[in-house]
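Q: Okay, handing you the structure first.
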Amino acid sequence: MKKKVKLIYLTCIGRSGSTLSSLILGDIEGVQNVGEIDNLEHVFTDENKQHLCGCGELIKECNYWDTLFKKLKANVGFNRSAVTYNQTDTGPFGNANHALLEEILKKTGNSVIFDKSMQFHRLKKLLKSPDFEILILHQIRDGRAVANSWRNFSKRNNRGFDRLRFVSASIKWMLKNLSIYLMFHKNENYIQLRYEDFVEEDKNYMNAIIDKIKDRFSLTAATGDFKNLTNHFVGGNRMRFSGENRVIKKDQKYLDEVSFFEWYLCSIIQYPVLKKFNYQFNKIKKDSR
Ligand SMILES: [Zn+2]
């Protein structure tokens, strides 16, 4: 029987602050951050965009991946495209992921993988395979902030229909978080991670999450202050390339950007899930921070 790969899987809807949490949690000693590994094939084959590796190099030119693929290909006939979740495939997915992640752990000397591929279909499929031992992190951020962030993203890309984007993102937020919750909350290895709580200046919340991870996988020392930025991972946003002394700040811009009407429309759409995760229905006042 194969040795199980220990894995922390971060699942959420995009724009919930997962890049920030993966930089912190993926830097716990003994943990290897692989980023959005489900996009591995895409970042190597995308003809419209040159993707960067976490180390800052173009991923296609990064020696780390190249060496890894050559070795895996020679040893186990590794096929990169099988790493990506695919609804129809039944066999190679588990094997390809196990081979890749096991090799990454060997190469880096770490014992646990941090996978922030986000989508829950991939998680479901990994859970079905006997080759992984998985800790599920469900990250959640205020749905009004997430919907606003999707609207801003679409504005920056001049996609139009801004308010419609806001509404459709509100619905998606509700459906995704509800699905993730219903599918996984009974799993004994399910942990919730609230964005608003971990960006508070009080570090206890994040330290408690770090302790749970350490306990679960018997890891000893932790750093948790993301010093190690030379790390080869897939996807994420530009945050990983910014300066060393970052201060985690609560992002409250959405409180100004979301109108009164939009706030309540979104709150009505998202009501059951907002309530479940302790978000206030009414518009909260901005802190002085
Ligand atoms: Zn790299």
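Q: Could you look through segment 45-61, keep only residues that are over 11 Å from Asn231 (Cβ atoms) and within 7 Å of the ligand (Cβ to nearest atom), and pick out the one that is modelled with the lowest pLDDT?
A: Glu57
Q: Only one of (1) modelled with pLDDT under 95; (2) among the hydrophobic types (A, V, I, L, M, F, W, C); (3) at positive phi is not met by Val76, so which one is it?
A: Among (1) modelled with pLDDT under 95; (2) among the hydrophobic types (A, V, I, L, M, F, W, C); (3) at positive phi, Val76 violates only (3).
Q: How many of the residues making up segment 232-285 are within 16 Å of the ligand (Cβ to nearest atom), at pLDDT 80 or above and either more than 30 Å from Asp115 (Cα to Cα) or in a loop (DSSP other than H, G, I, E, B) (or both)?
A: Qualifying residue count, segment 232-285: 3.
Q: Identify the single condition in (1) within 16 Å of the ligand (Cβ to nearest atom); (2) part of a strand (DSSP E or B) that Asn39 does not satisfy, given that it satisfies every other one.
A: (2)
Q: Restricting attention to segment 87-105, which residues are of a type in the set (Val, Ile, Thr) and under 19 Å from the mean Cα position of the chain (by Cα)?
A: Ile104
The values are calculated or read from the model by the stated rules, or taken from the named source; none is laboratory data. For clarity, every value in this text was computed on a predicted model and none was experimentally measured. Neighbour counts run over all protein chains shown; Cβ positions are idealised from the backbone, glycine included.
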